[in-house]
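Report on the following structure.
The values are calculated or read from the model by the stated rules, or taken from the named source; none is laboratory data. Source: prediction; values computed, not measured. So basically every Cβ, Gly included, is an ideal-geometry build from the backbone, and we count neighbours across all protein chains shown.
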Amino acid sequence: MRKMDAHAEIMEALALTFLERGYALIGILAAAAMACLYVFLPITLVPGNSLGFFLEITPWWGLLTIFMLAGLMGILIAMQAYVIRNTKSKDAKEIGSGIGAFVSSIISGLFATASCAACVSVLFSFMGTAGIFFLLEHRIEITLFGFAMVTISIYLTARRINNHCEECKITKRATD
């Protein structure tokens with residue numbers, strides 16, 4: 001087994017995943033769903049918010065963050081679907097391997113969409129005032145952490161797809 005750098009590992013896994021029928025569609029639909037979640041969750045939860053107002057107060061870098069995270073999540077979800085479909089075992093531990101990245105991406109996306117303190121306080125009201133101020137103060141770090149989690153999860157999923165991870169190798173089902 002040859003040693004690959006991270007970029008080559010991911011590119012090989014993406015080629016395997018997206019050349020098979022249906023996984024590109026899964027990735028596109030998942031990315032669109034995540035973008036909608038990131039945009040419409042704050043709009044529906046904040047009273048008086050609308051799409052026009054949201055677009056007016058969200059800086060360009062916030063929109064870029066939303067669509068980058070949504071795209072990465074689409075890739076991750078398609079890759080996870082490929083792993084689940086090509087694995088004989090349906091062990092809950094194997095199926096849940098991307099949950100941490102999924103949750104951190106959702107939280108990061110919500111931070112990118114929450115352009116004002118009112119939006120953050122409505123979305124994270126369960127944390128209290130001190131928690132909200134902490135989140136606002138460390139917003140960039142939390143968003144970068146979300147990106148890192150999704151990227152690491154894509155890399156680890158790529159290693160699994162390429163069968164370069166001994167503990168989590170996928171055993172492809174026999175095709176009939």
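Brief remarks on what is shown
- Residue tally, condition at pLDDT 85 or above and farther than 17 Å from R21 by Cβ, over the range 81-93: 0
- With respect to the conditions (1) crowded, with 16+ Cβ neighbours inside 10 Å; (2) aliphatic (A, V, I, L, M); (3) more than 21 Å from Y155 (Cα to Cα), L51 falls short on a single one, namely (1).
- Scope the range 40-54; condition outside any loop (DSSP other than H, G, I, E, B), of a type outside the set (A, V, I, L, M) and in contact (Cβ under 8 Å) with a residue 12 or more places away in the chain; matching residues: P42, F54
- Residues being at pLDDT 75 or above and in a loop (DSSP other than H, G, I, E, B) - total across the range 131-176: 3
- For the range 38-52, filtering for residues that are in contact with a helix residue (DSSP H, G or I) (Cβ under 7 Å, 6 or more places away or on another chain) and under 17 Å from T65 (Cβ atoms) leaves 5.
- Of all residues making up the range 55-89, the number that are assigned to a loop (DSSP other than H, G, I, E, B) and not basic (K, R): 5
- Search result, residues across the range 12-39 that are free of Cβ contacts under 8 Å to residues at least 40 places away in the same chain and exposed (fewer than 14 other Cβ atoms within 10 Å of the Cβ): A15, L19, R21, G22, L25, C36
- For first residues located in the range 142-158 and farther than 11 Å from L69 by Cβ and in contact (Cβ under 8 Å) with a residue 24 or more places away in the chain, partners that are buried (at least 17 other Cβ atoms within 10 Å of the Cβ) and aromatic (F, W, Y) and lie 6+ apart or on another chain with Cβ distances below 9 Å form the pairs I142/F111; S153/F102; T157/Y82.
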